[in-house]
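The values are calculated or read from the model by the stated rules, or taken from the named source; none is laboratory data. These figures come from a predicted structure and were not determined experimentally. With ideal geometry, Cβ positions are generated from the backbone for all residues, glycine too; neighbour counts draw on all protein chains shown.
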Amino acid sequence: MKVQTISNLFNKPTQHYIRNNKSGTSSNQIIENSFDKVSFTGNKIGFMKKIVKSEDLDQIMLKQMSKLNLTESSSRVISKIKTGDYTNILTKKIEVVNQRIQTLEDSLATYTKPKTIIEAEEKINFYNNWDDNAEYENHLYRAKAARKKERDKYMWGFKWCSNGDAKYDEVMQPYHDNSRKYFEIKRNIDNLYTLVRDHNSSQTQKIETLNSLKRERNAYLAELTSSRLGDVINDVLNKKGSVEERIAGYDDVKKIIKQKFTGPLIASQKDKSISLPNAVVLYGATGVGKTEMLRGIEEECKDVANIVKFPMSTLENDFMKVLNDILADARKLYREENKRTILLIDEAEKYMCMRANQANRYAADLEPDDFDILSTSGEKDTKNIQYLKSLLDTISEVPDNKLNNKSATTLFITTNYPHLIDQDLMRRKEKFTPIAVRPAQDSNLLAVIQHYFKQNSTLLETIKSYSKFPNFENIIKGQIKLTEKSKDVILEKYRNGTLSNLNINYELTDWPDINKFIKFTNPSKKRGAYSNVELKDMINNAFDRYLENPTQPMYKYFFEVKNETVRDITPKRYEKFRNIYSMVNDKVEIDELDETSKGFTDLINSYQNGDLNEEMSKVVETKMENILNELSKLEELKNSGHKFSNGEQIQYNLYKKWSDMWE
């Protein structure tokens, strides 16, 4: 018979079992076995067991997570599991349950049983192990044998003086003593059971509560395992970390950000003489990675700078006031903690838009939505622009004791309309630094595709690593990031032992002709371009298809998805970005053109003076031939009524100057 719970230990059915137990198992052992049912371990104290302290949560989770075999050397499986919001909730619940378990276990472990209860349990133990009829027959048999042996001994010893009755009585005496004890206990057995049951009711209650809490904790731990996989999937699909960790490719952009901004910012902690740009403008077509770069910069700089986001609900008339308050805090922070400030301003054109008279000069390069922005922001009072112009001279410098704009602050601006920002701001070289993020092409495009393939490969390997958990099926069923069909395929392969066959070649070495693929996937004036966001979505879609039907490599599903997907950066949007890029460069490269102008002007003078050797003379002649051809094209445009952009006008003036010198 099986003893189910401690609460049933002293009820009538159990009494009946104990009273009629013929197995030879003591009642102490029966009671101890019932305690084993609730997973107590330790040394015996009476019939109870000493409760050892439970492992703390970190130890338990360490043991469970060690089954994942997530190592630093693995290139496909992430080595560190980070918790999300739901995981944190579960962890806190486990901590609370652990505290309750610890309290109950300490109470039970330090418990000392009263003497009266010990004596009552001993009597119950004796009563349940004594069979009066069997004991009588056993003692009678041994007593008769002892009497016969005694009589035989004296008969053959020629001394007839004993009938063996004394030996008979000696052997029967223990039976009589225990029989009297048995019937005395029997008359009082119900009272003894009541006494023990009453005493143990509170202890039993504690044990049942403890057992229930342990089951609750195990359920939370199982749920936590599933939740942590969800967090891992989130971390994989939404990569965190620095710009380098978040963004694949774009080495040229990352290099500029590091050289112009993050590098000097980090170095300025030790060397205050290092200068930082007053403002950085990150711009590009929608979806090319500006936001991810911004998040990477925040992550990379959070330990050395205070990241402040400008409230975009601020009205234009309140711009100066809000900005002044932020900069006042920035100066205070630097003086007290030697910590710089990065002020993030999104949609900066709202506060820095060019004025109407400037816009008129660029009307031919602007589009209807540009004029919509100009009509709401460009017609406003110019005080904001004048204020920013004065700030950009000194805003990033270390504060001193004078009342000025030095605030140890860099404005970090993101915008899709950099060409609408006031020219007087954009032209301030080394004070207003524009950084363009173009749609990925060539090696950058390949790097982006490999990056998202690797994300999905890491995700797949992580899922496979969780197959070591006994509740793997429940873990997979609880993942909202997987399609229902994907879950079915994964579990089917798990059951038949072929889960390890799932694999994604993120190095793309299995692609037939990757160079041809990149060539025809590159941005194009006729076809437009794919944004990073669109590439990510397509590859994730291909991952779902691969899991649902892993009969061919994942890259083939990617080809299918690509053929079904229209480029999200349309030819018109791509052309607009190219125009914006040219317009921004027109504004910020004036000083560089001036340097170029001076250098080549000197070469023309040297050529005319005969100071150049034959090889250098040919170089100048070839260069001038190209310049004259370009000048001829520009004059044709001008004569046709085309209105020059600022850059075209500068180029025309420069070429005309050299043409006049050459003639």
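Taking first residues from region 488-506 that are small (Gly, Ala, Ser) and partners that are surrounded by 14 or more Cβ atoms within 10 Å (Cβ to Cβ) and in a helix (DSSP H, G or I), the Cβ contacts under 9 Å between residues at least 6 apart in sequence or on separate chains come to SER500/LYS464; SER500/SER467; SER500/LYS493. Among the residues of region 342-356, those that are within 13 Å of ALA279 (Cβ to Cβ), modelled with pLDDT of 80 or more and not in a helix (DSSP H, G or I) comprise ILE342, LEU343, LEU344, ILE345. Checking each residue in region 467-487 for being in a loop (DSSP other than H, G, I, E, B) and free of Cβ contacts under 8 Å to residues at least 60 places away in the same chain picks out only PRO470.
If you go through region 204-220 and keep only what is at pLDDT 80 or above and among the polar types (S, T, N, Q), you end up with GLN205, THR209, ASN211, SER212. Exactly one residue out of ILE118, ILE101 is among the aliphatic types (A, V, I, L, M), closer than 30 Å to SER212 by Cβ and touching a helix residue (DSSP H, G or I) at 6+ places or on another chain (Cβ under 7 Å): that is ILE101.
Within the set LEU294, LEU323, the sole residue that is under 30 Å from SER582 (Cβ atoms) and not small (Gly, Ala, Ser) turns out to be LEU294. Could we say that LYS516 is loosely packed, with under 11 Cβ neighbours inside 10 Å and touching a residue at least 40 places away in the same chain (Cβ under 8 Å) here? For LYS516, the condition - loosely packed, with under 11 Cβ neighbours inside 10 Å and touching a residue at least 40 places away in the same chain (Cβ under 8 Å) - is not met. Filtered by the rule that a residue be surrounded by 14 or more Cβ atoms within 10 Å (Cβ to Cβ) and either of a type in the set (Ser, Thr, Tyr) or under 20 Å from TYR387 (Cβ atoms) (or both), region 266-275 gives a lone residue, SER268. Name the single residue, out of those in region 127-144 being closer than 25 Å to ASN188 by Cβ and among the hydroxyl-bearing types (Ser, Thr, Tyr), that is surrounded by the fewest Cβ atoms within 10 Å (Cβ to Cβ). The extreme case among them is TYR136.
The condition of being out of contact with any Phe, Trp or Tyr (no Cβ under 6 Å at 6 or more places or on another chain) and either under 29 Å from GLN423 (Cβ atoms) or hydroxyl-bearing (Ser, Thr, Tyr) (or both) holds for only one of LYS656, LYS618, LYS623, that being LYS656. Scanning region 229-245 for residues that are at pLDDT 65 or above and either buried (at least 22 other Cβ atoms within 10 Å of the Cβ) or not in a helix (DSSP H, G or I) (or both) yields a count of 5.
Residue check: TYR111 meets all listed conditions (1) within 30 Å of ARG217 (Cβ to Cβ); (2) in a helix (DSSP H, G or I) but one, namely (2).
It is to be established whether one or more residues within region 297-305 are in contact (Cβ under 8 Å) with a residue 24 or more places away in the chain, buried (at least 18 other Cβ atoms within 10 Å of the Cβ) and touching a Phe, Trp or Tyr at 6+ places or on another chain (Cβ under 8 Å). Yes: one or more hits. Residues in region 260-282 that are charged (D, E, K, R) and in contact (Cβ under 8 Å) with a residue 40 or more places away in the chain: LYS260, LYS272. Checked against the criterion of being closer than 30 Å to LYS576 by Cα and modelled with pLDDT under 90, the candidates ASN532, ASN515, ASN540, ASN522 yield just one match: ASN532. Among residues that are among the hydrophobic types (A, V, I, L, M, F, W, C), surrounded by fewer than 13 Cβ atoms within 10 Å (Cβ to Cβ) and not in a helix (DSSP H, G or I), ILE504 is not included. Screening region 162-207 for residues that are of a type in the set (Asp, Glu) and under 20 Å from GLU121 (Cβ atoms) and picking the one that is farthest from the chain's Cα centre (by Cα) gives GLU184.
Each row is one residue, and each column tells you yes or no for (1) part of a loop (DSSP other than H, G, I, E, B); (2) farther than 15 Å from ILE435 by Cα.
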site	(1), (2)
GLY249	yes, yes
ASP252	no, no
ILE257	no, no
LEU265	no, yes
SER273	yes, yes
VAL281	no, no
GLY287	yes, yes
THR291	no, no
GLU298	no, yes
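Say whether the condition of being modelled with pLDDT of 85 or more, assigned to a helix (DSSP H, G or I) and under 20 Å from LYS272 (Cβ atoms) is met by at least one residue in region 304-319. No - not one qualifying residue is present in region 304-319. Starting from region 555-571, keep only residues that are farther than 22 Å from VAL288 by Cβ, then list their pairs with residues that are acidic (Asp, Glu) and exposed (fewer than 15 other Cβ atoms within 10 Å of the Cβ) whose Cβ atoms are within a distance under 9 Å, requiring at least 6 positions of separation or different chains. Pairs that qualify, where the first residue is farther than 22 Å from VAL288 by Cβ and the partner is acidic (Asp, Glu) and exposed (fewer than 15 other Cβ atoms within 10 Å of the Cβ), are TYR555/ASP510.
When we screen TYR86, TYR127 for residues that are modelled with pLDDT of 50 or more, among the hydroxyl-bearing types (Ser, Thr, Tyr), touching a Phe, Trp or Tyr at 6+ places or on another chain (Cβ under 8 Å) and not assigned by TED's automatic domain parsing to the domain that holds GLU461, the only hit is TYR127.
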